[in-house]
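J.: Before I ask anything, here is the structure I am working with.
The values are calculated or read from the model by the stated rules, or taken from the named source; none is laboratory data. A quick note: this is a predicted structure, and the numbers were derived from the prediction, not measured. Neighbour counts run over all protein chains shown; Cβ positions are idealised from the backbone, glycine included. Side chains are part of the model used for accessible areas, which takes the heavy atoms of the whole protein and leaves out ligands, DNA and RNA. Shrake-Rupley method; radii C 1.70, N 1.55, O 1.52, S 1.80 Å.
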Amino acid sequence: MSAVLSQSIQPMHARLSDRFAAALITLTAAVPCPPTQPGIKMVMTNALSALRAAMVALPTVGDVFVPFCKDIETVCNDFAGLDLVGAQHQMLGLHVQYPAWSLLACTPLADNRDLQVAIGLSLCTALMLGKPISKKTANEIRSLQSKLADGVISQTLLNAAAEKLKQRQVTKTINLVKLQSSASDRSIFSLNAVVIATIQASLSSLRTVERQAAGRDNELSIQDLRTAAAQLLVRVDHGDGDALALCIAYCIGLPWDISVQVPFARGPGHDSMVAWIDPVAGFIYVNLTHALGDLSTAATAQHVNSTLLLRRPLPILLANSLYEAYVSNGGLQRLSALTIQAVSNRAKLKLPEVHHSASVARFIASRGTAALNATERRDLAAFATLSFQLVSKSDLHYITPSEQDIWSACDKHYQHVGFGEAVPTTGYAPTHVGSRVTPSSAWIQSIFDEAANDLESKKAGKKYTLKSVVSHHNAYARYVGLFFQLVVGGRNRKKINFSAQAWHPSAAFGLIADKPLGPTRGVTPIPISTLLRRQIRLWHAHVQALKRRFDRLDRSMHQKSIDYLQQVLDGEQVPMLFLLGTNGAIKLLTADHLFQGAASGLNHDFGRHFIGDHATQLGLPFEDIQDWLRHHTNGVSHHESTSEHVIYVYLTRTARAIDDVLVNTDIKALSGLSKEGA
């Protein structure tokens, strides 16, 4: 108790029972405090208010923290002799080191309910994890309150920021409660939480230097990495458990202090764990479901068979040594059981002919760059080594690398470093890892076949009527709309709006402003492949023929439609694709019209999933796909001023790959009312 409570208030706490004292110690562990605990009654009062607000906002956490709140309330009442005053002066010079305590100790909590809930949920997560409250959250709330007091932001802006912060904490807490309920014990829960937090931290868009993978100061050079691997393998061969554990930690792809906690377990069926090692098969399992919880789960039987349970092999040499150790000692439960010496992340390797600065942390941190050099595929290197800083978080919503490719990437990486070949596998099921809403090739083919057959069945012919022209045009608009959504990578939008100005047959590249994010606000050049350009020309020929038929039917009745058709042909700022009403009037093309029949269960952004995977399999650099997706990726995007890439080359290369995907899938550019312009 003396380490936690100041001398000035120890007499009061001498009267507390051990249970109440433990509750206070738990609170001060979650909210790190200065030695003198200034404003402790204010901290307890504010903490209680925040926790109660959190339990009202999220009842699922209530049962866990009701006893704790009652204990803190009892302790708070025992401080009746202390005035409920802030500790602004006592906290001078301590705000940076103790931001959470400063937040709760200086003034009563603001009336803003969302801020109270955000603080309360942050306390809940800290108490569940047995770790201090997030400094980032505390500083964010203090900054908002300070800006409001100084008049920098209005109450409206504060409310909006508080709502956003609250929702973020709600999501985090819900995920943590689910994780806690599925964990078999406290140690597994703690490991699961820290593994998820580590993976999510690697997804930060700020990791520009790591993403460039040009050899950071906290990595080993490839020469030192290979030398270290070779010497560690020699030690493993001589029965050195510490060397074996370090090599396996490198293959796991998590920091040393986390890797040594990873348990041993047989097979894939362990829902209570996020990471484990199968010591008999020589596999590493990492369940990415919680770390990538915002990925769509609306999969059907016609989507690619994918999972978020990542399975990777160990090198054969390490797998054999681990198997021997496991068989000879059935009591091995975690990787740490192999170690003898107490080693930390910062410990030096102290290997001959390896630079003196080489440490355990630098050795493990070198894996991402080494895998990228070996595979030349960012997505595969990311999955093979848990180095998700090599890609952007947005990419993971769309990419679905095959497990066979990931396995091959691990094998190339291990041989590149000097660990030797990876453990072979006899089968891959599920076949892919990542996005669960990537449509299969057979499904895409059936959708376009259906749309083409529907178009063929609705040909207007020479003896056309307004009804037959409208029916044929709307069928053609559906085919071309699906074609554009696929080839351009259209997002999930109710209105299909490709500008006639941006997608003209003579345009060097296309543009679409469907999500204004990043430095370019989402407006970056999109390649127009040969087949796409042909489809645009055929559409223009169709529009020209449609205009002539309106002239012949009754120009006076269709003048507005004829004027609109001319705007499309002239490349004005109007939607290029459109529908016709029964009277020939122009109507906006919508997603409902496209996604019917065989496409009724298809996710509207299907092209972003399908083209990306198939183009990279054909050899297109992953960086090209990132730019085609309109994802600004700090450090590697082609349109950055510091990029050494030539945009024209990227556009040409990507266009060629898209055409290859279309040819392989047997998707063609089709004509409408006229066969001209092909």
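J.: Which pairs, out of Lys147/Lys515; Lys463/Lys547; Lys164/Lys587; Lys462/Lys668, put more than 28 Å between their alpha-carbon atoms?
T.: On the way: Lys147/Lys515 30 Å; Lys463/Lys547 16 Å; Lys164/Lys587 37 Å; Lys462/Lys668 25 Å.
Long pairs (Cα-Cα over 28 Å): Lys147/Lys515; Lys164/Lys587.
J.: Beta carbons within 10 angstrom, averaged per residue: use that to sort the peptides 617-630, 436-449, highest first.
T.: 617-630, 436-449
J.: Write down the accessible area per residue of the chain in Å², having rolled a 1.4 Å probe over the full set of protein chains.
T.: 43
J.: Further, regarding this structure: In degrees, nearest 10, range 0 to 90: what is the angle between the Cα axis of helix 559-569 and the longest Cα principal axis of the chain?
T.: Result, in degrees: 70.
J.: Would you list which aspartates and glutamates come within 18 Å of Lys131, measuring only between C-alpha atoms, while excluding same-chain residues fewer than 8 positions from it?
T.: Filter leaves Asp185, Asp257.
J.: What's the magnitude of the charge dipole for the chain around its Cα centre, counting Lys and Arg as +1 and Asp and Glu as -1 at the beta-carbon? Answer in Debye, nearest 20. Mind showing how you got there, number by number?
T.: Working: 64 positive and 54 negative charges, 379 e Å.
Dipole about the Cα centre, nearest 20: 1820 debye.
J.: Highest first, please rank the peptides 293-301, 661-669 by the mean number of other Cβ atoms sitting within 10 Å of their residues.
T.: Most protected by this proxy first, the peptides run 661-669, 293-301.
J.: While we're on this one: So who's got an amide H within less than 5 Å of the one on Lys587, skipping anything under 5 residues away but keeping other chains? H placed 1.01 Å off N, in plane.
T.: Leu579, Leu580, Gly581
J.: If each DSSP helix of 4+ residues adds -39,500 (n - 2.57) and the sum is divided by the residues in the chain, what number results at 222 nm, nearest 500 deg cm²/dmol?
T.: -16000 deg cm²/dmol
J.: Right, something else. In nm, to one decimal, how far is the modelled label at Gln566 from the one at Arg656, with both set 7 Å along Cα→Cβ?
T.: Placing both labels 7 Å along Cα→Cβ, they lie 4.3 nm apart.
J.: By how many degrees, 0 to 90 and rounded to 10, does the Cα axis of helix 155-182 deviate from the longest principal axis of the chain?
T.: Orientation of helix 155-182: about 70 degrees from the principal axis.
J.: With a 10 Å radius around each residue's Cβ, average the other Cβ atoms per peptide and rank 159-169, 302-312, 239-249, highest first.
T.: Values: 159-169: 17.9, 302-312: 19.6, 239-249: 21.3.
With the highest mean Cβ count within 10 Å placed first, the list reads 239-249, 302-312, 159-169.
J.: Among all the aspartates and glutamates, which ones have a C-alpha under 15 Å from Lys458's C-alpha, if same-chain residues fewer than 8 places away are not counted?
T.: Output for Lys458: Asp449, Glu450.
J.: Separate question: Among (1) 191; (2) 162; (3) 257, which is the computed volume of the Cα convex hull per residue in Å³?
T.: Computed from the coordinates, volume of the Cα convex hull per residue in Å³ corresponds to (1).
J.: Once label points are set 7 Å from the Cα along Cα→Cβ at both Lys459 and Asn373, what is their separation, rounded to one decimal in nm?
T.: About 6.1 nm, to one decimal.
J.: Using alpha carbons only, how many degrees (0 to 90, rounded to 10) separate the axis of helix 606-617 from the longest principal axis of the chain?
T.: 80
J.: Lys/Arg Cβ at +1, Asp/Glu Cβ at -1, dipole of segment 498-596 taken about the Cα centre: which of Gly581, Ile562, Leu546 is farthest positive-ward?
T.: Leu546
J.: Further question: If you plug each phi of segment 579-596 into the Karplus form 6.51 cos²θ - 1.76 cosθ + 1.60 with θ = phi - 60°, what whole-Hz ³J(HN,Hα) values come out, in order, with x for Gly and Pro?
T.: Each residue's phi maps through the Karplus curve to give 10, 10, x, 4, 9, x, 6, 6, 10, 6, 6, 10, 5, 4, 6, 6, 9, 9 Hz.
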